[in-house]
Amino acid sequence: MSASIHPLAERYLDALYELPDELRARKDLDDELAAHMTSGHHICIRGFWRIGKTTMMRGILQRACERSGGAAFVLDLRDPDRDDGLPQSVEAVLGRIAARVNEFLARVGATELKADPRKPLEALGELAAPLFVGFDELIALTALGPEGMQTVVDALLVTPKNVKVAVVCHRHRDLDAFFEEQVVGRAGVATVVVPPVTDEELVTMVQTPAQAFGVTFENEALGALAEITGNRPWEIFSLCAVLASRLPADFKGTITPAQCDELVNLDVLGESDEGRALIDNHLRILVTAMSAEERTVMELLSAGKDGEVTEDALVRLQEAGIVVTTDDGYAVSGALLEFVSRAIVEGVIRVSVE
């Protein structure tokens, strides 16, 4: 986005990464889950891409610390040295956890303690204070295979009494069964599926910052945003940032439904980093909702390659409007973004479960 954009765009962008407390729509749920942690439960936070899982995890840890006087730290399980983020060995994952634990021990002055890479959280049991640890992106463990994932999950959830863990688990059809059995079904784990925000919460998130800059969303415009985004926080702030960036820098006035509907367009979204991230997010949602055969079809079409495809999978994708017939054969539909947005809203693609 350019340097001369409307200041409201910057406000929405800031909210994507550092959400002010007054715009947090789920403080009550954070408090409820923090109470579970301080009473002795681990927490599993579930949901689809960009639904607000990491933000919720950090909010829960913060409130657990406030309730108990304890301390917390967070680790992203993705491998920072790989482009795909997928760690390649159990030892590498446990070694990173141990290193993070040692950093925390040094920070609190317990330099005489060292984490065992085989049981990295065990050393925290030597501290008197209640401790809360957040692990983001459990989905990154998929490259380890079922046995490797099991080993790491056991290391995360078998903890000393004073240590409670919050883990973030994506909804993904290939991994849901594992997460259900090994995390959700484990004794001592409380699970929450991150819900979309309510219409009232959407008004707070969108209208409150807008009105501070003399901008007001018409009620129908808020309804259009709710429909397009499915009331998912990351998409709300991203779309609002793109919308505000298209306004004159000194604009004051009302936002119409038509201005919101214009955003459901690959060309418009492709003009900014935030818009391209939305496209990528929708593609991730679409791919993880597909069967393996449907993914194979999409991979071949996207790469422009020939290969064996399951005929019924191709037919299903054509019927859904995702794949279209061209003079050269088949291609991915240019209306993909709108299809995914509407399919999520209508429940054709499920981004969370009740």
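Throughout, read-outs are computed from the coordinates displayed, never taken from laboratory work. Remember, predicted model here, so these are calculated numbers, not experimental data. Every residue, glycine among them, receives a Cβ derived from its backbone with ideal geometry; neighbour counts consider all protein chains shown.
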> Which FRET efficiency value, to the nearest 0.05, is calculated for D273 and R82 with the Förster distance at 30 angstrom and r the Cβ-Cβ distance?
Replying inline: 0.85
>> Sequence gap at least 6, Cα distance under 8 Å: using those rules, report the relative contact order of the stretch 26-193 to the nearest whole percent.
In response: 34 percent
> Can you sort I5, I255 so the residue with the fewest Cβ neighbours within 10 Å comes first?
Replying inline: I5, I255
> Ranked from highest to lowest mean number of other Cβ atoms within 10 Å per residue, what is the order of the peptides 159-165, 175-181?
Replying inline: 159-165, 175-181
>> Could you list T191, T142 so that the one with the fewest beta carbons within 10 Å of its beta carbon is first and the one with the most is last?
In response: T142, T191
> Given H placed 1.01 Å from N in the peptide plane, which residues other than close sequence neighbours of T191 have an amide H under 5 Å from its amide H?
Replying inline: C44
> With a 10 Å Cβ neighbour count serving as the proxy for reagent exposure, in which order, fewest first, do R171, R186 appear?
Replying inline: R186, R171
